[in-house]
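Chemist: Sharing a structure below in structure tokens format, with a few things to ask.
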Amino acid sequence: MRFPFRIRCWNGLGAFFLLLLATACTRDSEESTPVRTLEQYVRTSFQATGIQDKRVMESLLTGDTRSRLEAWNDEQFQRAFVEQKKTFKELKILENRKVSPQEVILVYELSYQQGPQDKGVRITQRKLGTLVREQADWKIKEVRSIRESIEYLEELSLP
């Protein structure tokens, strides 16, 4: 009597672990969405450590936007993304508007701190991004700045 019970229990646990494994494996292969593409681009740009990150960023772009980044040489990319002292703070999607099944417009706000922690500035940019679907993936086609605000974290003082 104990033997059949153990087999049933093991089969139930086996099925549970199989389901858990399947769920974990499909998480990385989630469907591409405009928001995920934008988030990945922003994350890569703030965490860039070398020229390999330029290739990742290029893969998330299309059209003129991609062409402009591809035109940068390695030194320009290093200065703009790797050597900059920027600390990512927040990305907020303010509006997600579907123009067509192949095109989406995102209005978003990006906040980051530039410079040393104690004397830096907090920059908040509101942007409008156009993303298009190419095959199964969403790509950033165009980004336009709407507004930028700069907040000095340490008071300004006159001499």
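Chemist: Given R₀ = 35 Å, FRET efficiency for Gln52-Arg97 by Cβ-Cβ distance, to 0.05?
Modeler: According to the calculation, E is roughly 0.55.
Chemist: If you don't mind, another one. Between Leu61 and residues 5 or more places away or on another chain, which pairs have amide H atoms under 5 Å apart, with H built 1.01 Å from N, and which residues are they?
Modeler: Ile140
Chemist: Another question, then. Along each of its three principal axes, how wide is the spread of alpha-carbon positions in the range 68-159, in whole angstrom units, largest first?
Modeler: Sorted from largest, the Cα extents of the range 68-159 read 57, 33, 17 Å.
Chemist: Starting from the Cα of Lys86, draw a straight line to each of the lysines and keep only those under 20 Å, dropping any in the same chain fewer than 8 residues away.
Modeler: Excluding near neighbours in sequence, the set is Lys54, Lys119, Lys127.
Chemist: Follow-up. Could you look at the range 60-159 and say what percent of its accessible area is carbon and sulfur, using a 1.4 Å probe and all protein chains?
Modeler: Using a 1.4 Å probe with all protein chains present, the range 60-159 comes out at 46 percent carbon and sulfur.
The values are calculated or read from the model by the stated rules, or taken from the named source; none is laboratory data. Nothing here was measured: the structure is a model prediction, and the numbers come from that model. As a convention, Cβ positions derive from the backbone with ideal geometry for all residues, glycine included, and neighbour counts pool all protein chains shown. Remember, those area values only see protein heavy atoms, side chains included, never the ligands or the DNA or RNA. Shrake-Rupley method; radii C 1.70, N 1.55, O 1.52, S 1.80 Å.
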